[in-house]
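The values are calculated or read from the model by the stated rules, or taken from the named source; none is laboratory data. Just so it is clear, the structure is predicted and the values come from calculations on it, not from any experiment. Because the Cβ atoms are built from the backbone with ideal geometry, glycine has one as well, and the counts that use them run over all protein chains shown.
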Amino acid sequence: MPRLTKPLTPPQRHSLILLLILLLGLGLRLWQLNSKPLWLDEVLTALFTMGRSYQDVPLQQFFPLTALDQLFTVQPGLSCADIAYRITTESVHPPVFFCLLYRWLNWLPADFLRQPEHWIWALRFLPALFGVAAIGAIYWLNRVAFSAKAGLLAAALMAVSPFAVYLSQEARHYTLPMLLITLALAALVQMQQDLIRQNSLRPLVWIGWSLLNLLGLYTHYFCILALIAQIVALTGWMLVHRRQLLRRHWGAWGLAIAVIGVGYWPWLPTVMSHFSRPETDWLIPYKPDWIDRLEPLYQTLIGWTLMVIALPVENQPDWIAIPASLLMLGFMLWLVWQLKSAVPRLWQAEVKRPAILLIASFTGCILLQFFAIVYLLDKDLTVVPRYNFVYYPGVCALLAASLASPGSKQQVASNDSPQKPATNLKPVFLLLLGLLSSVMVVHGLAFQKSYHPDRVAADLAFEPDRPLAVVMSYRSPQEVGLGLSFALALRNHLAVLAETPQPVDEASVQFAFIDRSESYGQAWRQLASLPQPLSPPLNLWVIASPGMRTKDYPQRLRLNAPPTPTTRARMECRVDPEQFHRLGFPYQLFRCQPLRRRPSQTKADI
């Protein structure tokens, strides 16, 4: 019987595999995209990209959760300059990502964005697309630097990387700079190839490298580290091979760097002002000692591990966390053992050595900069794995190139024989574990949201039959954003409860922000003076600063209440010592009861 279809040619098969990898990466990144709660940084992204500012947040007053609908509504008619002004004055980030996200939200129908689950999905969708584009970019980097096979493996590794999936599902500016850094690395490799071949330089590649880095600098400040690493890597290689280079090669390299400097010059004053702002003080250890000095080393190793495998460890019972940790450790030891033989095999290919040195120098230079910032500036960048996005493309490229390198002589001979070639199952095993880890990330079992807004919301609404007032104390805009993340999670939790036999009326829930900048005593007095519409009895939760303990809370608080014929327009709230929780920030329950009208009045603490 004649065959109905022709077999795929090798290029067609190659393209089909790449397409399947991209679709797999897209599916993982869009899976459960809006199921996890927005955390602090994502809330700030939402505010700025919707054209809002901190001044739009209702402070020093109680407000219903329905007020969040008005706050998280896209403001039409703003320009990128308007968004950039808000970013530069109220945050410490460059504006490109926020401008792009604002344009994306404005392009979507307004009716679609009215539902919280829709605008949360829209916020995270664009970073997810950038994450898929980064898969294509890492393929191109390894294809240019090593081989088509190495390109496919790099794309597959990034597609199922739990770290890359986690970044792609964040409404933050991490996947866009990662994409730009990867493309810039690919251009840098091509520039190196121009210098090796002594051919005429490709102007589009050299200009493209400058523009990609310039765009990266206006997207995330960590791209400064990536640019320095690229300059050091190629300059170092050029110095080693300076006898083979011409003067025009050095001139072209200097001109490419100068273009970036000229394009970034207008933003330098803003950069300097941002670097002196207090928003990054949280990176400084509270009491640096010798243990704090060792933490960045093992935190870096943990960050590398999470690039390839992430099993449920966070907030899990010991019977899950301990075996999962041991499995991750065992897997990393196995991977190091495989690389022990794979890296020398990769090095045997002399034609690939320049690219190996270039990408390895780039990655190593960024790590050196990280440790310089940690130990010289006392800002521990390793405490949060997400910052590793700046050198992850280099790690992914080198890992894939090593595992895709030809095997031993016996394996090569077997592959050249007419029999069926031996299959290398090690990359398959690595990819399957990565896929499993990405599923964990998608379902919130790994890379959990900081400060756990969903868990906090469940604690706050543990008695759904009682009216609820939540008070968030703050002294910085970041803590206002944290409070908004709790409010959004609480509203989502109440919406879930509304589908149960005991629904909760949103009108019986109020939220407030009180300023604690001067002192907690002033904050408690401010709380006592705020009008609020709920009648006692009610539950009052007070969220305080990280160092607060239950004994540091006052035993009693006063709160305004609607007056009745038998009760005064005040209520007394007594601390419940059994209901104290801490998930990064502590929150304490006070149980409020009405004050009866009587001639004698007992003075209570406020």
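Could you go through the range 204-215 and let me know if any residue there is in contact (Cβ under 8 Å) with a residue 60 or more places away in the chain and either on the phi < 0 side of the Ramachandran plot or surrounded by 17 or more Cβ atoms within 10 Å (Cβ to Cβ) (or both). Among the residues of the range 204-215, at least one is in contact (Cβ under 8 Å) with a residue 60 or more places away in the chain and either on the phi < 0 side of the Ramachandran plot or surrounded by 17 or more Cβ atoms within 10 Å (Cβ to Cβ) (or both), which makes the answer yes.
Looking at the range 187-197, is at least one residue modelled with pLDDT under 95 and more than 28 Å from Y392 (Cβ to Cβ)? Checking the range 187-197: at least one residue is modelled with pLDDT under 95 and more than 28 Å from Y392 (Cβ to Cβ). Taking the criterion of being farther than 22 Å from T382 by Cα and not in a helix (DSSP H, G or I), would at least one residue in the range 266-280 satisfy it? So far as the range 266-280 goes, no, none of its residues is farther than 22 Å from T382 by Cα and not in a helix (DSSP H, G or I).
Across the range 371-403, the qualifying residues are those that are free of Cβ contacts under 8 Å to residues at least 12 places away in the same chain and in a helix (DSSP H, G or I), and the one among them that is farthest from S276 (Cα to Cα) is A372. Yes or no: the range 153-169 includes at least one residue that is assigned to a loop (DSSP other than H, G, I, E, B), within 24 Å of the chain's Cα centre (by Cα) and surrounded by fewer than 24 Cβ atoms within 10 Å (Cβ to Cβ). No, the range 153-169 has no match at all.
The requirement of being more than 25 Å from Q32 (Cβ to Cβ) and in contact (Cβ under 8 Å) with a residue 60 or more places away in the chain is fulfilled somewhere in the range 154-173, by at least one residue. Of the residues making up the range 361-375, those that are surrounded by fewer than 16 Cβ atoms within 10 Å (Cβ to Cβ) and of a type outside the set (F, W, Y) number 3. One residue stands out in the range 106-146 among those that are at pLDDT below 95 and not in a helix (DSSP H, G or I): the one that is surrounded by the most Cβ atoms within 10 Å (Cβ to Cβ), namely L108. Taking residues in the range 513-527 that are of a type in the set (S, T, Y), and partners anywhere that are assigned to a helix (DSSP H, G or I) and surrounded by fewer than 17 Cβ atoms within 10 Å (Cβ to Cβ), the pairs with Cβ atoms closer than 9 Å and at least 6 places apart or on different chains are Y520/D552. Restricting the range 380-421 to residues that are small (G, A, S) and modelled with pLDDT of 95 or more, the residue that is surrounded by the fewest Cβ atoms within 10 Å (Cβ to Cβ) is S402. Taking the criterion of being among the small types (G, A, S) and either at positive phi or crowded, with 17+ Cβ neighbours inside 10 Å (or both), the only residue of the range 253-273 that qualifies is A256. The set of residues in the range 71-120 being among the polar types (S, T, N, Q) and over 19 Å from the mean Cα position of the chain (by Cα) consists of T73, Q75, S79, T88, T89, N106, Q115.
Among the residues of the range 448-499, those that are closer than 19 Å to L47 by Cβ, in a loop (DSSP other than H, G, I, E, B) and polar (S, T, N, Q) comprise S450, S476. Looking only at residues of the range 57-84 that are free of Cβ contacts under 8 Å to residues at least 24 places away in the same chain and either part of a loop (DSSP other than H, G, I, E, B) or of a type in the set (V, I, T) (or both), we find that the one that is surrounded by the fewest Cβ atoms within 10 Å (Cβ to Cβ) is G77.
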